[in-house]
1. Name the residues in the stretch 87-97 that are loosely packed, with under 15 Cβ neighbours inside 10 Å and part of a loop (DSSP other than H, G, I, E, B), would you?
2. When the residues of the stretch 84-118 are filtered to those that are of a type in the set (D, E, K, R) and over 30 Å from the mean Cα position of the chain (by Cα), which remaining residue is nearest to GLY183 (Cα to Cα)?
3. Test of understanding: among GLY108, GLY154, GLY137, which residue is touching a residue at least 60 places away in the same chain (Cβ under 8 Å), within 30 Å of ASP195 (Cα to Cα) and not polar (S, T, N, Q)?
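Readers should treat all values here as calculations from the given coordinates under stated rules, not as data from a laboratory. Keep in mind it's a predicted model, so treat the numbers as computed, not measured. Note that each Cβ is placed from the backbone with ideal geometry, even for glycine, and that neighbours are counted across all protein chains shown.
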Amino acid sequence: MDDPPRPDSGDLSRWHRLATIDRWGEWVLVFMGADLSSPVGGRRHAMLRARVFIVASVLACSIGLVQSASAASRTPFTSVLTLGQPSQPQRSWVSGPIRHVRGEPNAGTLAGDLVGSATITNNYNLRPPTGDGANWGTFEITANGTTWEGTYRGILRGGVNDGTFIGQGDDGSLIKGSFTWIGQFVFRLDGVTLDPHG
């Protein structure tokens, strides 16, 4: 079909949107079995109906996505993770003032809203004189009947380690939040679990 009359430059973006919708409208009409060789008046009426159909479909999809997101239940939690002494890392070396550690395993228990166990594999770069650096790694949390696996990332300032984490549960849920150092190998976890099933 012919594009809508090309407008002045000020309305160019609107013209592009209408042209795109009309091209989609042609495909919709063909799918619906419409005769695009009909007289101009009938053709314009059919294209108007196709435009309305496309806009209504887009709105319906948008509403459905919003409703699906709203249906996911959010359960906030606060727990305390108590880790033990870390085991031997896979690798460690010193480069200048920086100590590098990779693949250091550790395990511990959770108490509070989440009750269970946790394992981590920690990596970090640390300046021993100041206790400043960064760490990252993977975790597995098993608590309240669900196991989450994910990743975390943190910052060390004066030996105090804070950061964030996110993971996927074996029941389809999501866990995310932050961790805060409150003692030697002890961290407070604040976060939320998102259940897509509502």
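1. Going residue by residue through the stretch 87-97, those that are loosely packed, with under 15 Cβ neighbours inside 10 Å are 87-88, 90-97.
Hits for the stretch 87-97 are SER87, GLN88, GLN90, GLY96, PRO97.
2. Only one residue tops the list, namely ARG99.
3. None of the other options fit; the residue is GLY108.
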